[in-house]
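Reviewing the structure listed below.
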Amino acid sequence: MMTASAYIDVAIALPVENTFTYAVSETLSPFVSSGKRVLVPFGRRRVTGYVLGPAEHTDKYEIKVILDVLDDIPIFSPPMIPFFRWIADYYIHPIGEVIRRALPRGLNLYDHLTLSITASGEDELSQERLTPLQREILTHLQQDPCRMKALGKTLGRDIPSSLIRIMENKGWLVRKREMEGGRTRPRTERHVGMKNDIEIPQDLSKAKAKIIQILHAKGDLSVKALGKHVPSASRLIRPLEQAGYISIFEKKVYRDPFGEPVTPDHPLTLTEEQNEVVSQILGSLENGFATYLLAGVTGSGKTEVYMQLAAAVINMGKSVLVLVPEIALISQMERRFRARFGECIAVLHSGLSAGERYDQWMRIRNHEVRIAIGARSAIFAPFSDIGLIIVDEEHDTSYKQESDFAYNARDMAVVRAKLSESVALLGSATPSLQSYHNVEIRKFVEVRLNERVEKRSLPDIHLVDLRKSRDERGAHRFITPALHAAMGETLNRGEQSLIFLNRRGFAGFPLCAVCGDPIRCDNCDVTLTFHQSQKAYKCHYCGFALPSGSRCPTCDSPSIKLLGLGTEKLESAITSLFPDARVVRMDRDTTTKKGSIVAILKSLRDQEVDILVGTQMVAKGHDFPNITLVGIICADLSLCHPDFRAGERTFQLLAQVSGRAGRGDVPGRVILQTYNPQHFSIGAAVAQDFKAFYDKEIAFRRALSYPPCSRLVQLRISGRDKGKTRELAQEIGVICSALRASFSQSVEVLGPVESPISKIAKHYRWQILLKETASGPLHRFVRRMMAQQPAMFHQRDIKVVVDVDPFFMS
């Protein structure tokens, strides 16, 4: 056994609780430090681990020795380790998995069991002694070695481990462990440079002489850049190297994720309100942690406030992290910041390739940039000296990650600011109830921008009662005369319109004209949506599709009625009403290709679009001065969701999309169509009165003891077997009820019940809600419950997800 000189605390990149102590050999000891990845033995496997710091030696267990150190410098900064520990503790998630999700994709190494056929196995295939399954296995392995899990999937059946062992003992196949992963690496390009003190002969060809001349003048260049001056350079550099005149070498380069160049700008003169906000926050930057809620009406200049604060923080020698809710907004924010701060900016979001994301991560880690802009995952940006964290549109639900690692980047921003003794600034025209409640209980400090810049007026909102047009036919049923006339007037003035409908597709409710049954998804408990451009009925949850010519699955009738409305049908109707208008649709269907969002926004900015039709993508934070009309086709869609936050989301969405109008010199107007004009959420949105909405909504939350007046944990149980999934949900419910009686009666147990959408992607879904007034007792309750029956939470066929502070109830 190797002599160990140190012990380290390691988090394993697998879904396992706790951290583990490893020994470090004298050989590797100089290379180990906190924040680096190490290759470690774990059971029979070799996996990636993350060094969290030194550990105490214990004689209770045999301490294994690390196998290798995988990084030259720490991949994340050591000050982030307390942040990772807090996340793992609060969200009740393994710390190794937390760190794995935080890092760029493709970095980690794992070994996997691979099966290969032997010569004896090849010979056995010609005999008649094999069982059908054995023959199937060996026939498949003849083509290529494969992993055990992949073999079962390919053959469409479970492969017993005992059968594999029998076949191995007979010498027909071999099992071996192979390392996989680590696909994301630095990018390198070939560069050339002059060698020192070399005398260049006069008889070189013109092209070779030009290469020498360019390298003398410009220094080291990439072969690609040199080729722009001398097209034949790639062919000529090798002979020049062999002659000893130049050297050819590989150099690390960064992949460029940015769009087109931007024109530099300069700080604007602040309004009196903006100046007061900036002065107040600047005054607290040197005083440690604080959280501010910037409540500013749409068009009040929040982004300029962000940039002037960022400049002050950079001048203090610290870094700035800017979070925006969606990729569509990153482009706009990145352009504004690059115009002001140049190239000292990194971007982090899921739209980047694995290599681009790795490069941006390393630029931050190597202190080459001072500002990072990104969506929710950018909260993990590896800064070691944060001075300011900005969360734009802090109310947006996109900050909530909904996978098995269910975190809220907005809440984590506040915690990270606290741990780094910096300032968190949350901005929104429609603050979340949670954040405004934190203002009321003095956790946050409110700063306000009550007026638009240059004293521009808020848009005039005209409410249209859709109940009066329910007997209309065709497009006039959802494009009322008031909206139709307003769109025509806007077009005639050469201005732009934004028409909002938060439902994509052509028809959301196709049903049989004979038997009346809807066309449903085979895998989910939902109706399919008809997409005319794709000539298919599609499921928006699992991707299941049927061709447009499909017959009714119940009665085999070919007669299908396309009921319901989506952005695709809306775009078609608008094109019919205004055939000369340039109409563009922006929803998930039109923005799947890389760069498509940026292209649509650029065409809108360059006034190549007259009418933009879109879903909630168009409602958030975009600033286009020539949009003077916003039409809201149906304001009620989000009110119908089975969720206690439905009213809040409706108010926020309506207020946000209304705020896209009149952000330039021409006043804006909004035509808001609704079937529920009396609903207080819609009334508050029309009046543009957040405080009136908050006072009414918080009274309901207090009466029902729902967040922000309480804390929730949601247990989501899902599995392919309907009966087993129901049984496990009921078993967990029994444990929760018993624990409530013996441990904490203050915890309220709601459920188990089937989820509102009871099946998604062939997985049956149940849920349990746990409610308490404080997070501490609630988290202790959940941990005690998980400790009683840990096997229930780690089953192969049924997944149980613990969602702390859930956002979505469906």
*asked:* Only one of PRO790, PRO777 is more than 27 Å from the chain's Cα centre (by Cα), open to solvent by less than 40 Å² (accessible area, probe 1.4 Å) and more than 22 Å from GLU402 (Cα to Cα). Can you tell me which?
replied: PRO777
*asked:* Residues to consider are SER755, SER710, SER746; find the one that is open to solvent by 20 Å² or more (accessible area, probe 1.4 Å) and of a type in the set (Gly, Ala, Ser).
replied: SER746
_Filter pass, GLY543 being on the phi > 0 side of the Ramachandran plot, in a loop (DSSP other than H, G, I, E, B), surrounded by fewer than 15 Cβ atoms within 10 Å (Cβ to Cβ) and not polar (S, T, N, Q)_ = yes
*Starting from the stretch 234-250, take each residue that is closer than 10 Å to ARG190 by Cα and open to solvent by 50 Å² or more (accessible area, probe 1.4 Å) and list its partners that are in a strand (DSSP E or B) and of a type in the set (Ser, Thr, Tyr), counting only C-beta distances under 9 angstrom and pairs at least six apart or across chains.*
GLU250/THR188
*Scan (1) outside any loop (DSSP other than H, G, I, E, B); (2) of a type in the set (Asp, Glu); (3) under 33 Å from the mean Cα position of the chain (by Cα) for the single condition GLU451 breaks and write down its number.*
(1)
*asked:* Please verify whether GLN607 is open to solvent by 40 Å² or more (accessible area, probe 1.4 Å) and at positive phi, treating the condition exactly as stated.
replied: yes
*Please work out if GLY664 is open to solvent by less than 10 Å² (accessible area, probe 1.4 Å), closer than 17 Å to HIS622 by Cα and under 27 Å from the mean Cα position of the chain (by Cα).*
no
*Which residue, of SER576, SER557, is loosely packed, with under 15 Cβ neighbours inside 10 Å and part of a helix (DSSP H, G or I)?*
SER576
*asked:* Suppose we filter the stretch 412-444 for residues that are open to solvent by 20 Å² or more (accessible area, probe 1.4 Å), of a type in the set (S, T, N, Q) and in a helix (DSSP H, G or I); how many remain?
replied: 1
*Please find, within the stretch 164-176, the residue that is surrounded by the fewest Cβ atoms within 10 Å (Cβ to Cβ) out of those that are within 19 Å of GLU124 (Cα to Cα) and modelled with pLDDT under 85.*
ARG165
_Here are the criteria: (1) part of a helix (DSSP H, G or I); (2) buried (at least 18 other Cβ atoms within 10 Å of the Cβ). Tell me which single one LEU715 does not satisfy._
(1)
*Considering every residue within the stretch 631-642, establish whether at least one is closer than 24 Å to ASP465 by Cα, part of a strand (DSSP E or B) and within 30 Å of the chain's Cα centre (by Cα).*
yes
*Being at negative phi and crowded, with 23+ Cβ neighbours inside 10 Å is the filter here, so list the residues in the stretch 393-408 that pass it.*
GLU394, HIS395, ASP396, TYR399, TYR407
*asked:* Of everything in the stretch 224-260, what is modelled with pLDDT of 85 or more, in contact with an Asp or Glu (Cβ under 7 Å, 6 or more places away or on another chain) and aliphatic (A, V, I, L, M)? Give them in sequence order.
replied: ILE248
*Consider PRO756 carefully, then state whether it is over 22 Å from GLN401 (Cα atoms) and in contact (Cβ under 8 Å) with a residue 24 or more places away in the chain.*
no
*In this structure, does GLU731 turn out to be under 30 Å from the mean Cα position of the chain (by Cα), acidic (Asp, Glu) and open to solvent by 70 Å² or more (accessible area, probe 1.4 Å)?*
no
_When the residues of the stretch 117-136 are narrowed to those that are assigned to a loop (DSSP other than H, G, I, E, B) and open to solvent by less than 70 Å² (accessible area, probe 1.4 Å), which ends up nearest to GLY152 (Cα to Cα)?_
THR131
*Taking the stated definitions as given, is LEU483 under 28 Å from ILE611 (Cβ atoms) and crowded, with 22+ Cβ neighbours inside 10 Å?*
yes
_Go through the stretch 191-223 and report how many residues are touching a residue at least 40 places away in the same chain (Cβ under 8 Å) and either open to solvent by less than 50 Å² (accessible area, probe 1.4 Å) or within 17 Å of SER234 (Cα to Cα) (or both)._
5
*Among the residues of the stretch 19-27, is there at least one that is more than 29 Å from ARG783 (Cα to Cα), in a loop (DSSP other than H, G, I, E, B) and among the acidic types (Asp, Glu)?*
yes
*Return a yes/no flag: does the stretch 696-704 have any residue that is part of a helix (DSSP H, G or I), touching a Leu at 6+ places or on another chain (Cβ under 8 Å) and of a type in the set (Asp, Glu).*
yes
*Matching entry among GLN767, GLN795 (being polar (S, T, N, Q), surrounded by 15 or more Cβ atoms within 10 Å (Cβ to Cβ) and not in a helix (DSSP H, G or I))*: GLN767
*Quick one: in the stretch 296-315, of everything that is open to solvent by less than 20 Å² (accessible area, probe 1.4 Å), hydrophobic (A, V, I, L, M, F, W, C) and in contact with a helix residue (DSSP H, G or I) (Cβ under 7 Å, 6 or more places away or on another chain), which residue is nearest to GLU286 (Cα to Cα)?*
VAL313
*Could you say which residue among GLN678, GLN673 is open to solvent by 30 Å² or more (accessible area, probe 1.4 Å) and of a type in the set (S, T, N, Q)?*
GLN678
*Scan the stretch 316-353 for residues that are modelled with pLDDT under 80, among the β-branched types (Val, Ile, Thr) and either surrounded by fewer than 22 Cβ atoms within 10 Å (Cβ to Cβ) or part of a loop (DSSP other than H, G, I, E, B) (or both) and jot them down.*
ILE327
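The values are calculated or read from the model by the stated rules, or taken from the named source; none is laboratory data. Every value quoted in this text rests on a predicted model; they were computed, and no experiment measured them. Heads up, the Cβs are rebuilt from the backbone with ideal geometry, glycines too, and the neighbour counts pull from every protein chain shown. Heads up: the accessible areas ignore ligands, DNA and RNA and are worked out on the full protein's heavy atoms, side chains in. Shrake-Rupley method; radii C 1.70, N 1.55, O 1.52, S 1.80 Å.
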